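**Student:** Below are the structure tokens for one structure; questions will follow.
No value in this document is a laboratory result; all are computed from the given coordinates. Since this is a predicted model, take the numbers as computed values, not measurements. Here the Cβ is made from the backbone with ideal geometry for all residues, glycine too, and neighbour counts use every protein chain on show.
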Amino acid sequence: MPPGTYCYTIADANQTGAMRLTLDETAQVLGDSSIAIHNAEADYYSSYTQTIVGQLSGNTAEVDVTTWIEGDRQTGSETWTVTAETLMLPNDTLAAADCSDSAVVSQFVDEGALEADAVLDSVADQTGERVQFAPGTSGTTLENAVIRGERDLYLLGAQGGQLMTLDLYALEDNAVFDLVSPSGLLLAQESTFEAIALPETGDYQIIVGGTRGNATYSLDVAIE
């Protein structure tokens, strides 16, 4: 398989979702997935996200998979069979799909169908300010001002399963934030308050911007 990004979907009685794999010139595989679980008879519904790192040799990929499900982090190594038409996992087979197809895109966007990449484009030229808590504390308040049309970027490292609370106050009620996970999922869009069970471990990106004019704001950030 030539270098590039390949997408696969699954839609059966128990699972619906998609996986994206990127293959580079050295045959390294990087990817992520977003899968919903549904069992109507047992009245059980859940979801999980994954990140994938591995190496492809021929059609065989040896991968390390990290899975976050309901706040629990699981890791493991698997052997997959990868072709341009199918992705065969130990227990499931996914079918190839166009990465721009709605069945794929909808798994990696929020309800407003906005890719996290579109949000990150607004801060592409920023390195971001690292959020740090004082010793013995689990939160802090960020105070700043953002001029019209610009965004502030904050980076916060956290563990999968923790609860992140973000509470934004602006003097003129004219500021909102977006939250992007380490694997690029858009977890919150144009919000002023969120309490989110984090799906994975890594750096979360908090992006603050004004909705009209210049915005002076304070952002309370806490991790439990």
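**Student:** Between ALA145, VAL105, ILE206, whose Cα lies farthest towards the positive end of the dipole of the chain when Lys and Arg beta carbons carry +1 and Asp and Glu beta carbons carry -1, centred on the Cα centre?
**Tutor:** Comparing the listed Cα positions along the dipole, ALA145 ranks first.
**Student:** While we're looking at this one, here's another question. Can you pull the percent of Cα pairs in region 119-223 with separation above 16 Å?
**Tutor:** Numbers: 2940 of 5460 pairs.
Roughly 54 percent, once rounded to a whole number.
**Student:** Turning to a different aspect of this structure: Return, for the Cα atoms of the chain, the radius of gyration and Dmax in Å, separated by a comma.
**Tutor:** That works out to 19.2, 59 Å for Rg and Dmax.
**Student:** Roughly speaking, what is the stretch gain from ALA96 to LEU171, that is 0.36 nm per residue apart minus the C-alpha to C-alpha distance, in nm to one decimal?
**Tutor:** Details: separation 75, 0.36 × 75 = 27.00 nm, distance 4.92 nm.
Taking 0.36 nm per residue and subtracting the Cα distance, the gain is 22.1 nm.
**Student:** Any idea what log10 I(q)/I(0) is at q = 0.21, 0.28, 0.31 Å⁻¹ for region 156-196, Debye with uniform C-alpha scatterers and no solvent?
**Tutor:** -0.70, -1.06, -1.19
**Student:** Something else now. May I ask you to work out the translational diffusion coefficient for region 4-108 at 37 °C, viscosity 0.692 mPa s, via Stokes-Einstein with Rh from the Kirkwood sum over Cα pairs, reported in whole µm²/s?
**Tutor:** On the way: Rh = 14.1 Å.
This corresponds to a translational diffusion coefficient of 233 µm²/s.
**Student:** Using a simple charge model, +1 on the beta-carbon of Lys and Arg, -1 on the beta-carbon of Asp and Glu, nothing else, what dipole does the chain show about its Cα centre, in debye to the nearest 20? Display every interim value, and only then the final one.
**Tutor:** On the way: 6 positive and 35 negative charges, 56 e Å.
In total the dipole reaches around 260 debye.
**Student:** Using just the helices of the chain, give the 222 nm mean residue ellipticity in deg cm²/dmol: DSSP H runs with n ≥ 4 each add -39,500 (n - 2.57), and the total is spread over all residues, rounded to 500.
**Tutor:** Working: 2 runs with 9 residues, N = 224.
Result for the chain: -500 deg cm²/dmol, rounded to the nearest 500.
**Student:** May I pose another question? How large is Rg/Rh for region 172-224, to two decimals, with Cα atoms and a Kirkwood Rh?
**Tutor:** 0.99
**Student:** Determine the distance separating the Cα centre of region 60-106 from the Cα centre of region 151-170; give it in Å without decimals.
**Tutor:** Taking the Cα centre of region 151-170 as reference, the centre of region 60-106 is 28 Å away.
**Student:** So, one more: Between the DSSP loop rule and a limit of at most 13 other Cβ atoms within 10 Å, which GluC sites (Glu not before Pro) in region 1-63 are left?
**Tutor:** Answer in residue order: GLU25, GLU41.
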